[in-house]
Amino acid sequence: MDTKAATKALGALSQESRLEAFRLLVKYGNDGLPAGEIARQLGIPHNTMSSHLSILVNAGLVTSMRDGRSVIYRVEFGGTRDLLSFLMEDCCQGRPEICAPVLDTVLPACCP
């Protein structure tokens, strides 16, 4: 991940409703949630939530997939891991292997 992509991802997370949606999707993992359920759980109007989810998708932090009449949103664990890796790549005086356990704890292998 480069600085431009990291800035885009961090910008997407810098708004309260988007951060809450992202965290909710992390909680649901690979199962994800329909857009309407995300809006309901967060108490955000559907059209507003749709805009927020679009920004998260565009930032590479969330994916969407149509399932019948619903759109299911899931965290993009690869993009999330890339962002966290970018933030920590220069940690510990150039020894990123020291920080690798942090990434494994936050995003374990079960969540590709």
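Report the residue count in segment 1-22 for those that are exposed (fewer than 12 other Cβ atoms within 10 Å of the Cβ) and charged (D, E, K, R).
The total comes to 3.
From the list LEU83, LEU103, which residue is part of a helix (DSSP H, G or I), surrounded by 11 or more Cβ atoms within 10 Å (Cβ to Cβ) and modelled with pLDDT under 75?
Details: LEU83 fails: modelled with pLDDT under 75.
The conditions single out LEU103.
Looking at segment 51-60, which of the residues that are without any contact (Cβ under 8 Å) to a residue 40 or more places away in the chain and aliphatic (A, V, I, L, M) is surrounded by the most Cβ atoms within 10 Å (Cβ to Cβ)? Show your work before the answer.
The first filter runs over segment 51-60 and keeps only residues without any contact (Cβ under 8 Å) to a residue 40 or more places away in the chain, leaving 51-54, 57.
Of the ones still in play, those that are also aliphatic (A, V, I, L, M) are 53, 57.
Numbers: LEU53: 22, VAL57: 16.
Once the filter is applied, the top-ranked residue is LEU53.
Quick test for you: out of ARG69, ARG18, pick the one residue that is under 10 Å from the mean Cα position of the chain (by Cα) and of a type in the set (D, E, K, R).
Selected residue: ARG18, the only one of ARG69, ARG18 that is under 10 Å from the mean Cα position of the chain (by Cα) and of a type in the set (D, E, K, R).
Do we have ASP31 as of a type in the set (D, E, K, R), surrounded by fewer than 17 Cβ atoms within 10 Å (Cβ to Cβ) and either in contact with a Lys or Arg (Cβ under 9 Å, 6 or more places away or on another chain) or at negative phi (or both) here?
In short, yes.
THR48 passes all but one of (1) touching an Asp or Glu at 6+ places or on another chain (Cβ under 9 Å); (2) free of Cβ contacts under 8 Å to residues at least 60 places away in the same chain; which number fails?
Single failed check for THR48: (1).
The values are calculated or read from the model by the stated rules, or taken from the named source; none is laboratory data. Remember, predicted model here, so these are calculated numbers, not experimental data. Cβ coordinates were reconstructed from backbone atoms using ideal geometry, including for glycine residues, and neighbour counts include every protein chain displayed.
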